[in-house]
Each structure stands twice: as C-alpha cells, then as structure tokens.
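Written below as structure tokens is the structure these notes are about.
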Amino acid sequence: MLVIGELINGMFKAVGKAIADRDKKVIQKVAKDQVAAGAGMLDVNTGPYEKNPKDAMKWLVETIQEVTDVPLALDSTKADVIEEGLKLVKKKAMVNSANADEEKLNTIVPLAKKYNAFLIGLTMDKKGIPRDKNERTEHAVTIITKCQEIGFNLSDLYLDPIVLPVNVAQAQGIEVLEAIKEFKLLCDPAPKTVVGLSNISQGTKTRPLINRTYLVMAITNGLTAAIMDPLDKELMNAAITSELILNKNIYCDSFLDSYRKR
Ligand code: THG
C-alpha cells in the first residue's frame, strides 16, 4: 500500500507555526522522519490560516525537496496553489484534489494531465458530502467519465470515498468500506483508491486504535493508498501485517523487519 504522510499540514499547530514563520528546520525534520518511517509520498497542505497559500506552497515544496526526493501530494482546494507546487516538483506529483463537480473537473483534470501528475478524485460535488455508497459510486462514475473524455490516464487516478469522523457520522464508516469495494468494478484494471485515514477518529479519545482498526478494514476491502501518520508505528505494523495476510508479501518470521529493510 502507498503510505502518504499526512504531517506536513498547517492544521497541525507546530507545523502551522513553522509555515507561518517560514522555519525550514521543523518542516525538513517532519519530512525526513516520515520518509524514514516508511512514507512513499508526502501530503503538502499549507493549512486553512495561511495568508499567502501560493507562496507557502512554493516554499514548502522547495524546502521539502532539499532533504528528500519522495513524490509530493499537493493538497489544496485551489488550483493555482496546486499549480505553484506542480511547477517545482522533481518527481511525478499527486494533485489532491478534484471532485465530481463539473467546473472543478474541467479545471483540475487538465491541470493534472498537463503536469503528468497522479490525481485524487473526491467522490462528492457542490451539494456536499455523499450520504451512502451509491452516491459515492455515482460521483466516481462522473469522475472516471471526465478523465476518459479529457484523456487522463485512469491508472493515474485515485478515487477517495471521503472518510468522516465516526463520532458524528457513525453510519458512514461502512458506506466508505463498501464504496471501496464497489469502485473496483467500475473499470478494468480497477481504479486505485485513497482515504484520509485520520478523518475517522477526529474528536474521539482513542484515535490510534480507531485509525488502526479502520485501516485494516479498508485494506481488506482493497484500499491501495492512505494519507496517514507514518510515525504511528503500530499503525504501520498493522498495514504491513494486513498485506502479509492478504498474501501480497512472502511470510518469514521477521516480516516486519524485512518489510522495513526493502
Ligand atoms: N482526503 C484527501 N486529502 C485529505 C483528506 C482526505 N487531506 C487532509 C486530510 N483529509 C488528511 N490529513 C489529515 C491531517 C490531520 C488530521 C486529519 C487528517 C488531524 N489533525 C488534528 C485534528 O484535527 O484533530 C490536528 C490537531 C493537532 O494534532 O494539532 O486529525 O480525506 N484526498
């Protein structure tokens, strides 16, 4: 599974402050720590309070690339902020994200195509968050159809069924799991899927346990990528073990160590 490190996000207090102060050291440590822990990609989000998100995105991409060359997922609701990052990336980036809204698709899909990036398609539209797996699948079809129209390679698309906090939207957890399974039937080869894992536990008192349990369930249903905390070792162990049991890696007694040495 592709682990996309979630920690370079202005939503986190210390990181938000480092972005505001343009403090390279803090960001570079968070970048290096996540890669050392097994992240194959890093999410980059300037956070909701940044006054100049374009400049912040440019600074973040430059700052991160000074210490690592893992690919970056450029996380913003604004196309011009994402493009600022796309202009600078050294590796094939991920555009995070488009959704099923017509206008959004017409802007973001061509942007991802122009820069030969991966693309996340959130299965929602202007009307907001989907209520069940069927609405998620309808939005997934809209996104896939638009990608085909524009000539965006479907193997570069990751569908995101949108994970919601279990404490306020308890019935949605299973809908997301079912959606992950259903998306796989929409094209051949099956589309890839991604979730923002930590959304599930926001506002709860047992975050690591909820994250870990949900990740295993999502992997069982075929999840191919997750934006998550790679510094949570038990979470990473659960992901590695899930893939072992799904017969994606060969068993040996020291499978955790072997996986980490790859
Ligand atoms: N899908 C896609 N992209 C996403 C998300 C998604 N990007 C953002 C988010 N969701 C995934 N990243 C995070 C990062 C942090 C948290 C949750 C998801 C988080 N933060 C603490 C909180 O809100 O409680 C911040 C507080 C703190 O510790 O300082 O939980 O779904 N495509």
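Odds and ends about this structure:
- Only residues that are hydrophobic (A, V, I, L, M, F, W, C), out of contact with any helix residue (DSSP H, G or I) (no Cβ under 7 Å at 6 or more places or on another chain) and either in a loop (DSSP other than H, G, I, E, B) or away from the ligand (no atom under 16 Å from the Cβ) (or both) were counted in segment 163-193, giving 6.
- Ala31 being assigned to a helix (DSSP H, G or I), small (Gly, Ala, Ser), closer than 23 Å to Leu235 by Cβ and in contact with a helix residue (DSSP H, G or I) (Cβ under 6 Å, 6 or more places away or on another chain): yes
- Qualifying residue in segment 225-240 (condition: among the β-branched types (Val, Ile, Thr), in contact with a strand residue (DSSP E or B) (Cβ under 6 Å, 6 or more places away or on another chain), modelled with pLDDT of 95 or more and in a loop (DSSP other than H, G, I, E, B)): no
- Across segment 50-84, the qualifying residues are those that are more than 16 Å from the chain's Cα centre (by Cα) and among the small types (Gly, Ala, Ser), and the one among them that is surrounded by the most Cβ atoms within 10 Å (Cβ to Cβ) is Ala56.
- Residue selected from segment 199-212 under the condition touching a residue at least 12 places away in the same chain (Cβ under 8 Å) and not aliphatic (A, V, I, L, M), by the criterion surrounded by the fewest Cβ atoms within 10 Å (Cβ to Cβ): Gly203
- Taking first residues from segment 1-14 that are in contact (Cβ under 8 Å) with a residue 12 or more places away in the chain and surrounded by 21 or more Cβ atoms within 10 Å (Cβ to Cβ) and partners that are part of a strand (DSSP E or B) and acidic (Asp, Glu), the Cβ contacts under 6 Å between residues at least 6 apart in sequence or on separate chains come to Ile4/Asp43; Glu6/Asp43.
- Some residue of segment 54-67 being aromatic (Phe, Trp, Tyr) and more than 28 Å from Lys126 (Cβ to Cβ): yes
- In segment 198-213, the residues that are within 12 Å of the ligand (Cβ to nearest atom) and of a type outside the set (A, V, I, L, M, F, W, C): Ser198, Asn199, Ser201, Gln202, Gly203, Thr204, Lys205, Arg207, Pro208, Asn211
- Matching entry among Leu177, Leu164, Leu235, Leu157 (being surrounded by 17 or more Cβ atoms within 10 Å (Cβ to Cβ), on the phi < 0 side of the Ramachandran plot and in contact with a Cys (Cβ under 9 Å, 6 or more places away or on another chain)): Leu157
- Checked against the criteria, Ala20 does not count as within 15 Å of the ligand (Cβ to nearest atom) and either touching a His at 6+ places or on another chain (Cβ under 7 Å) or in contact (Cβ under 8 Å) with a residue 60 or more places away in the chain (or both).
The values are calculated or read from the model by the stated rules, or taken from the named source; none is laboratory data. Just so it is clear, the model here is predicted, and its values are computed rather than measured. Counting neighbours? That spans all protein chains shown, and the Cβs are built from the backbone with ideal geometry, glycine included.
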